[in-house]
Amino acid sequence: MKELRDRVAVVTGGASGIGFALAKAFLGEGMKVVLADVEEPALKAAAEELAALGEVTSLSTDVRRFEALTALADHTYSTFGACHLLCNNAGVSVAQLKVWETTPNDWEWVHGVNVRGVMHGVQAFVPRMIEAGGEGLVMNTSSGDGGIAPLATQSVYASSKAAVSILTECLDAQLASETNLRAAIFYPSGGMLATGIWTTRRNRPAELAREQAVPEGSETTFEDFMAGMKAVGIELPVQDLDELAQHAVAGIKNGDFVIMIRREEMEQQLTDRAKKLANGENPTGVIPGI
């Protein structure tokens, strides 16, 4: 998709963080944007702010529910008549826990949003995008934590993002064989990301609350994490979200399947991982103290 002007983009998880930055970047390209998020006050505020930059509409959307994505597709097509770029970006996470300390609801919530949310987006939009006959793109937000090299402390989140990466590979292969659509994996990267993923528990539905209290010290905010790193002498780079979104735009225009800052650096990670697997070893390193 080299030309974005006057095309229509749909962004889930668009009220803040990466989704908001993507929406702003798309508007800067002259696109029309449909903003979706489960957090209604933040969604309303984001839509009002972005309206100064171009044509924006919004709809409260819980991506865990297929009917919500169907409603979002209906809203998109009735408002703008098309969808050319579907960004399945909504994502959540839970505390860093040992697998046996997680609860069924941890998995139900995270995989409901991160995996089924992506699938619901594909199921609700792609048939209409195919029927339209033109070119289009489905860009799914994954993570290096899972999609490339999982962290042992993030079993719930990392496994969901590994699923998104594989799902997207399969989707793109299928689309390329018989349609004008393609799919892409977006790996937010470049440094630490100050996004709402650190505090997604604020949107956790009551029916999926944890069945037991979270172990002390297993949850932290971005600010506290960075302060803790600095206290032990570690200065971590922080990636500007607007720059990240511009990198995504460039990847979309270039037709990249993997959209990632410094993606060439993943080669060594994946090579090391493959060697360990081929040797019958666990490629996920042991983390002392967990």
Flag if Ser58 is crowded, with 19+ Cβ neighbours inside 10 Å and among the hydroxyl-bearing types (Ser, Thr, Tyr): yes
For the structure I just gave you, tell me whether Ala173 is among the hydrophobic types (A, V, I, L, M, F, W, C), in contact with an Asp or Glu (Cβ under 9 Å, 6 or more places away or on another chain) and under 23 Å from Ala132 (Cβ atoms). no
Of the listed residues (His75, His84), the one being modelled with pLDDT of 95 or more and in contact with a Lys or Arg (Cβ under 8 Å, 6 or more places away or on another chain) is His84
In the stretch 61-80, what count of residues is obtained for those that are surrounded by fewer than 22 Cβ atoms within 10 Å (Cβ to Cβ) and under 17 Å from Leu27 (Cα atoms)? 2
Sort out which residues of the stretch 139-166 are in contact with a strand residue (DSSP E or B) (Cβ under 7 Å, 6 or more places away or on another chain), assigned to a helix (DSSP H, G or I) and over 19 Å from Glu219 (Cβ atoms), and write them in order of number. Gly144, Gly147, Val164, Ser165
Out of curiosity, is Val126 in a helix (DSSP H, G or I) and either in contact with a Gly (Cβ under 7 Å, 6 or more places away or on another chain) or surrounded by fewer than 16 Cβ atoms within 10 Å (Cβ to Cβ) (or both)? no
Please state which of the following conditions Ser93 fails to meet, knowing it meets all the rest: (1) in contact (Cβ under 8 Å) with a residue 60 or more places away in the chain; (2) assigned to a helix (DSSP H, G or I); (3) more than 24 Å from Gly30 (Cβ to Cβ); (4) among the hydroxyl-bearing types (Ser, Thr, Tyr). (2)
Restricting attention to the stretch 225-241, and to residues there that are modelled with pLDDT of 85 or more and part of a helix (DSSP H, G or I), which single residue is nearest to Ile261 (Cα to Cα)? Leu241
So, first residue among the aliphatic types (A, V, I, L, M) in the stretch 262-282, second residue surrounded by fewer than 12 Cβ atoms within 10 Å (Cβ to Cβ), Cβ within less than 6 Å, six or more apart or across chains; the pairs are none
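The values are calculated or read from the model by the stated rules, or taken from the named source; none is laboratory data. Just so we're clear, the structure is a prediction, and the values are computed from it rather than from any experiment. With ideal geometry, Cβ positions are generated from the backbone for all residues, glycine too; neighbour counts draw on all protein chains shown.
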